[in-house]
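Right, one structure below, let's go through it.
A short reminder: the numbers here are calculations on the coordinates, not readings from a lab. This one's a predicted model, so the numbers in the text were calculated from it and none came from an experiment. Quick reminder, even Gly has a Cβ in these numbers, built from the backbone with ideal geometry, and neighbours come from all protein chains shown.
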Amino acid sequence: MAAMFSQNPIMNGPNYSFNDAPRVNAPEGARQHRFDPYTDNGGSTLAIAGADFAIMAGDTRSTSGYSINSRYSPKVFKIGGTTSDQHDATLVLSVVGFAADGEALKEKLDAICKMYRYRHGKAMSVEACSRKLSMILYQKRFFPYYAYAILGGLDEEGKGAVYSYDPVGSCEREQCRAGGAAASLIMPFLDNQVNFKNQYEPGSGEGHALQERERRPLTRQEVEILVKDAFDGAVERHIEVGDGLQMMVITKEGIEEIYLPLKKD
Amino acid sequence: MDHRPQAWGRPRDDIYGAYDASYLHSNGPKQATQAPIVTGTSVIALKFKDGVVIAADNLASYGSLARFTDVKRLRNFAGTSVIGFGGDVSDMQYLDRHLEDLAIDEAYDTPEPSDATAQGHLNAANLHKYLRNLMYSRRNDFNPLWNQILIAGLDSESKPYLASVDLRGTTFTAPSLATGFGAALATPIMRRYAETDEEASKLSREEAVDVIRECMKVLFYRDARSMDKYSLAVVTKDGVEISETEQLEKQSWAFADRIKGYGTQTV
């Protein structure tokens, strides 16, 4: 089971979803076909928090093995609005991995946020929702939701907040996070471009004397360009990513949805 | 020699060992479907201007044996939607009975089911969500219904609706969908005509039916578990028209001449 959630190719071969043939570890000749309740529907997600906004993004491709199920199958959802059209939602959830679990997780969290709003007469804060999501995931610790979730919103001070999760509910607030099939392609790019990792002041010295480039919050326009570039790169190098890019921009004015085309090959 | 009447005609215990009757006992671990047995192959469907066309052949296979040749795999739901079943046939028949009950309950709750878009009545989008929850909860119990299902009809805004759900509860929608072999063979052909919903909304009914018929032909040429007799249904706001006695026409096997290198043929 551990290998299933690992991104390490040595443990479970390349991370393609058609890698789900029954594993044989029975004695010679003995073979039993068992129902495997999980598959991987590919795709990738990305979230970046800014000073007064957060951007959640995901591609819209859904795959089974080498075939494309659909070119428009969203992974990024508004959560906790008053009605099903989510016009007054303040939170965004992205899920990637096994689509059926992702969908079930989204429906469950949305229902809980709606009940909270009904009982307390106000929207759930991103901190409260992040805790609840961690609980929901951990409650299925021994039959997990095989989905990498990222929750985005604005915190109590109005700053962008991004919480990332693993399938069993480990949770951390971060400046940025990539999830899904191309996470390992996008995350190092983000480390460099959002957190300015491995960037130094030119001519500030050598070795330990080198001064790191000072970190500053990115503007919304910079982040939007960064997200598009990250996905264009991922589409080029990963077969399960492509077709369309869906972006949700969370600001204090509300949530703006942007759709951009990606390569369909 | 055991001469007791209850042992007549039975394998001798001294040679074959005591009969293992454990499978008759109902205690012990529950057996769930571990593999499909009698199966239906592809279902294909395509949206057009004011509805959806869906087709599936009438064959139920037992492994590579063409076992039942008159099995209807398209099902009319409440005169408003069509459901196409791929995968295990017994699970399909179970779902069929279940949906019949659901349709009857629905008919009691909303006495006038003639209008597919009537508020409060189950449309294709509602039905899809219902089947998704059913399939997903069965997979959570490790007792899946071994099917991939296409649901064709109209949504709450009377726009064409086409979606899929499979044995794990995975769902997606697209302008054209196909299950099984069709996903590899028919989808590329259908996408040539309807890559997007916008393109699908420009297709006429006749064009869509022609594309589907062409796809059924391609599937019969290349899918060894398929048959030339099939069912075809068209769903529009006027209701459901199902024909279960379609026959593939204008077949041309001229290409077969050029295929070399299989079986006993050496050159």
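Results, tabulated for the structure shown:
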quantity: Fewest-first sequence of A:39, B:179 by Cβ atoms within 10 Å of each Cβ; calculated: A:39, B:179
quantity: Rounded to whole Hz, the Karplus (6.51, -1.76, 1.60) HN-Hα couplings of region B:45-50, x for glycine and proline; calculated: 8, 9, 7, 9, 3, 10
quantity: Gap separating the Cα centres of region B:203-267 and region A:90-131, nearest whole Å; calculated: 45
quantity: Under the Debye formula (equal points on every Cα, no solvent term), log10 I(q)/I(0) of region A:26-145 at q = 0.13, 0.15 Å⁻¹; calculated: -0.62, -0.79
quantity: A:143, A:231, A:53 arranged by Cβ crowding within 10 Å, fewest neighbours leading; calculated: A:143, A:53, A:231
quantity: Calculated diffusion of region B:218-267, Stokes-Einstein form, Kirkwood radius summed over Cα pairs, 10 °C and 1.306 mPa s, µm²/s; calculated: 114
quantity: Region A:203-232: GluC sites (Glu not before Pro) in DSSP loop, at most 15 other beta carbons within 10 Å; calculated: A:206, A:214
quantity: Chain B: Cα Rg divided by the 2.2 N^0.38 Å rule of thumb; calculated: 1.22
quantity: Acute angle (nearest 10 degrees) that the helix B:124-140 long axis makes with the longest principal axis of chain B, alpha-carbon atoms; calculated: 30
quantity: Cα-based helix-to-principal-axis angle, B:89-109 vs chain B, degrees rounded to 10; calculated: 50
quantity: Within 10 Å of each Cβ in B:172-181, the average number of Cβ atoms from other chains; calculated: 3
quantity: Relative contact order [Cα under 8 Å, 6+ residues apart], region A:139-236, whole percent; calculated: 17
quantity: Peptides ranked, highest mean first, by Cβ atoms within 10 Å: ranges A:163-175, B:243-255; calculated: A:163-175, B:243-255
quantity: CD proxy at 222 nm, helix term only [per DSSP H run n ≥ 4: -39500 (n - 2.57); per residue of chain B; nearest 500]; calculated: -8500 deg cm²/dmol
quantity: Kirkwood Rh, angstrom, region B:119-267 [1 / mean 1/r, Cα pairs]; calculated: 17.5
quantity: Computed over the protein assembly as shown, Kirkwood Rh from alpha-carbon pairs, angstrom; calculated: 25.9
quantity: Spherically averaged projected area in nm², based on the convex hull that wraps the Cα atoms of region B:70-109; calculated: 2.9
quantity: Ratio of Rg to Rh over chain A (Cα coordinates, Kirkwood Rh, two decimals); calculated: 1.00
quantity: Mean Kyte hydropathy of 0.0 or more with a Cα span along the axis of at least 18 Å, helices from DSSP in chain A; calculated: A:126-139
quantity: Filtered trypsin sites (Lys or Arg not before Pro), region A:136-165: DSSP coil and at most 10 other beta carbons within 10 Å; calculated: A:141
quantity: On Cα atoms only, tilt of B:205-222 relative to the major axis of chain B in degrees; calculated: 30
quantity: Cβ-Cβ FRET estimate between residue B:65 and residue A:192, R0 fixed at 56 Å, reported to 0.05; calculated: 0.40
quantity: Coil-residue GluC sites (Glu not before Pro) of region B:181-226, DSSP, other Cβ within 10 Å capped at 16; calculated: B:195
quantity: Order of B:43, B:234, A:241 under a 10 Å beta carbon neighbour criterion, fewest first; calculated: B:234, A:241, B:43
quantity: Stokes-Einstein D (µm²/s) once Rh is taken as the Kirkwood radius of region B:63-184 over alpha-carbon pairs, at 20 °C in 1.002 mPa s; calculated: 143
quantity: Average beta-carbon neighbours from other chains, 10 Å sphere, peptide B:142-154; calculated: 1
quantity: For A:65-74, mean number of other protein chain Cβ atoms within 10 Å; calculated: 5
